Amino acid sequence: MTVKINLPHDNSYEIFIEELKELYFDRKVVIVTNPTVSGFHLEYLKSKLNARELSVCTIPDGEEYKHMQTLESILEHCFEKRLDRKSLLVAFGGGVIGDMTGFAASIYQRGIDFVQIPTTLLSQVDASVGGKTGINNKFGKNLIGAFHQPIAVYIDPSMLKTLPKREFGAGVAEIVKMAVTFNKDFFEWLEQNDLNDEKNIQIAIAKSVQTKADVVSQDEKELGIRAALNYGHTFGHVIENETNYDTYLHGEAVGIGMCMANALAVKIGLMSQEEALRVKSLLEKYNIPTTYKIKDVEDFYEHFFLDKKSLDNKIKFILPVGIGNCKITNEVSKTDVIEILKGF
Ligand code: NAD
Ligand code: MG
């Protein structure tokens, strides 16, 4: 299956969702990966990838290494291998590898090409689409970065066989996000089909990628509709923050966040109780958490304002309208939010 991302300024590219085919690059290529991914899949990738000159840059595994120093080490590798402006970086790993490799590609000699070969479900359905790249610093996550589109994305669902179950669930949460906000038919299909099945996961990846691609094509720089992809994230970020990023995977926090957003949507009449329950049970099918004990509701509310997406002291909520539709609003009253948080 192939999904085309249509973007202005020659930035369009294709996403291939299938067993990895032979790739030929008549240029210098650097694969950026980590020990976990390379341990499982590097030989396989190397057996498919043909380059004029190939090297591998291995960086440590983990979100805690998604920072300036690791970025420097990637750039250093590029200089040592004398990459030029025609050379190519290959991001081979999850979203952390994708974001950092993409950012390195965006600044190495003012920008070179890169391709993504995402290996986690989350990066296959979400991080590999849309061209956001970046790193974290002490002020927060993804605060330094660039929009830099890959020239192609190769998604091979068979790589998911080695992925831990929890990581798989975290990816499913982002799939559910796309369905609830944009595609009712897809949501119903998800209710009826098991994503542990190889054929089904391929279909689900393609549908999610297509959904995100449509949104990104309309709004590459997140000036409008693209913000809807943050459904569940406004709440999720607070949860991640409160739990020091060490209790929940991002996708898991988003799962809880979607349930909170749904509660708010039910409260102000955008969604029925029954629809909210359907979302919850779909998440639970994949062991994605849907509840969270809030210690201090006022405190939780204050945390919203630390989010970079909360402009002008107004919280922007992405709320579902039924299933398959959504709305972006900063007109929700504090009383309503506090009330649903108390009842959660
Ligand atoms: P990750 O990259 O940390 O990968 C999760 C874990 O799975 C890692 O330990 C990794 O080594 C391991 N792994 C990867 N592939 C594997 C495989 N096939 N088998 C076994 N283990 C494997 O996390 P992630 O969830 O992929 O991505 C999260 C990151 O993506 C965050 O930094 C987030 O900010 C970013 N992100 C970016 C975008 C975007 O649009 N650019 C969107 C969503 C998330
Ligand atoms: Mg996310």
Inset, instruction - Being closer than 27 Å to Lys212 by Cβ and either touching a residue at least 12 places away in the same chain (Cβ under 8 Å) or not hydroxyl-bearing (Ser, Thr, Tyr) (or both) narrows it down to one of Val321, Val337, Val297, so name that one. - result: Val321
Inset, instruction - May I ask you to say which residue of Asp219, Asp156, Asp214 is over 27 Å from Leu341 (Cβ atoms) and away from ligand 1 (no atom under 14 Å from the Cβ)? - result: Asp214
Inset, instruction - Report the residue count in region 1-36 for those that are more than 22 Å from Lys86 (Cβ to Cβ) and among the hydrophobic types (A, V, I, L, M, F, W, C). - result: 7
Inset, instruction - Might you let me know whether region 278-294 holds any residue that is modelled with pLDDT of 95 or more, within 16 Å of ligand 2 (Cβ to nearest atom) and of a type in the set (Ser, Thr, Tyr)? - result: yes
Inset, instruction - Return the residue satisfying two criteria in turn: it lies in region 232-254 and is within 13 Å of ligand 1 (Cβ to nearest atom) and of a type in the set (Ser, Thr, Tyr), and of such residues it is surrounded by the most Cβ atoms within 10 Å (Cβ to Cβ). - result: Tyr248
Inset, instruction - Can you confirm whether region 139-146 contains a residue that is within 10 Å of ligand 1 (Cβ to nearest atom) and either in the same structural domain as Lys221 (by TED's automatic domain parsing) or not charged (D, E, K, R) (or both)? - result: yes
Legend entry - Lys66 out of contact with any strand residue (DSSP E or B) (no Cβ under 8 Å at 6 or more places or on another chain), more than 25 Å from Arg27 (Cβ to Cβ) and within 16 Å of ligand 1 (Cβ to nearest atom): no
Inset, instruction - Tally the residues that are assigned to a loop (DSSP other than H, G, I, E, B) and within 28 Å of Gly171 (Cβ to Cβ), restricting the search to region 91-117. - result: 1
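The values are calculated or read from the model by the stated rules, or taken from the named source; none is laboratory data. Keep in mind that what you see is a predicted model, and the values were worked out from it rather than measured. Backbone-built Cβ (ideal geometry, glycine too); neighbour counts: all protein chains shown.
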